[in-house]
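Participant: If you scroll down you'll find the structure; I have some questions about it.
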Amino acid sequence: LPALFKQELQNTEAEEGGTATLSCELSKPNAPVEWRKGDTTLYPGLKYEMKQQGSTAELLIYDLELDDS
């Protein structure tokens, strides 16, 4: 069975230049997660950090810009 969202992403407000954290809770622990912005897949680097512990997945977006909304 596919993993489903137990708790979906919530809107987050943050200051330009700051860091935003998005998190979701999945129905299966350690299910593979692919973070996307529209059709673009996001990858870890200086801008993005992905964390996953059990059934919780997080995306951290650093050095926020208006284009990140």
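The values are calculated or read from the model by the stated rules, or taken from the named source; none is laboratory data. The structure presented is a predicted model; accordingly, all values stated were derived computationally and were not measured. Counting neighbours? That spans all protein chains shown, and the Cβs are built from the backbone with ideal geometry, glycine included. Heavy atoms of the whole protein, side chains included, go into the accessibility calculation; ligands, DNA and RNA do not. Shrake-Rupley method; radii C 1.70, N 1.55, O 1.52, S 1.80 Å.
Participant: Would you check which residues across the stretch 60-69 are open to solvent by 60 Å² or more (accessible area, probe 1.4 Å), under 14 Å from THR19 (Cβ atoms) and acidic (Asp, Glu) and list them?
Facilitator: If the condition is that a residue be open to solvent by 60 Å² or more (accessible area, probe 1.4 Å), under 14 Å from THR19 (Cβ atoms) and acidic (Asp, Glu), then ASP63, GLU65 are the ones that fit.
Participant: Any idea how many residues of the stretch 28-42 are surrounded by 13 or more Cβ atoms within 10 Å (Cβ to Cβ) and among the polar types (S, T, N, Q)?
Facilitator: 0
Participant: Going by what's in this entry, would PRO44 be described as closer than 25 Å to GLU15 by Cα and not basic (Lys, Arg)?
Facilitator: Working: closer than 25 Å to GLU15 by Cα: yes; not basic (Lys, Arg): yes.
Yes; evaluated as a whole, the condition is true for this residue.
Participant: Cβ-Cβ distance below 8 Å, separation of 6 or more or different chains: which pairs start in the stretch 18-39 with a residue that is under 12 Å from ILE61 (Cβ atoms) and end on one that is small (Gly, Ala, Ser) and in a loop (DSSP other than H, G, I, E, B)?
Facilitator: ALA20/ALA14
Participant: Condition first: among the polar types (S, T, N, Q) and either part of a loop (DSSP other than H, G, I, E, B) or within 9 Å of the chain's Cα centre (by Cα) (or both). Can you find one or more residues in the stretch 28-40 that meet it?
Facilitator: If we filter the stretch 28-40 for residues that are among the polar types (S, T, N, Q), which is where we start, we get 30, 40.
Among the residues that remain, those that are also either part of a loop (DSSP other than H, G, I, E, B) or within 9 Å of the chain's Cα centre (by Cα) (or both) are: 30.
The answer is yes; a qualifying residue exists.
Participant: In the stretch 43-59, how many are open to solvent by less than 90 Å² (accessible area, probe 1.4 Å), over 14 Å from SER69 (Cα atoms) and assigned to a loop (DSSP other than H, G, I, E, B)?
Facilitator: Adding up the residues that qualify gives 3.
Participant: Next up: If you go through the stretch 10-21 one residue at a time, do you hit one that is out of contact with any His (no Cβ under 6 Å at 6 or more places or on another chain), hydroxyl-bearing (Ser, Thr, Tyr), part of a strand (DSSP E or B) and open to solvent by less than 60 Å² (accessible area, probe 1.4 Å)?
Facilitator: The answer is no, given that none of the residues of the stretch 10-21 is out of contact with any His (no Cβ under 6 Å at 6 or more places or on another chain), hydroxyl-bearing (Ser, Thr, Tyr), part of a strand (DSSP E or B) and open to solvent by less than 60 Å² (accessible area, probe 1.4 Å).
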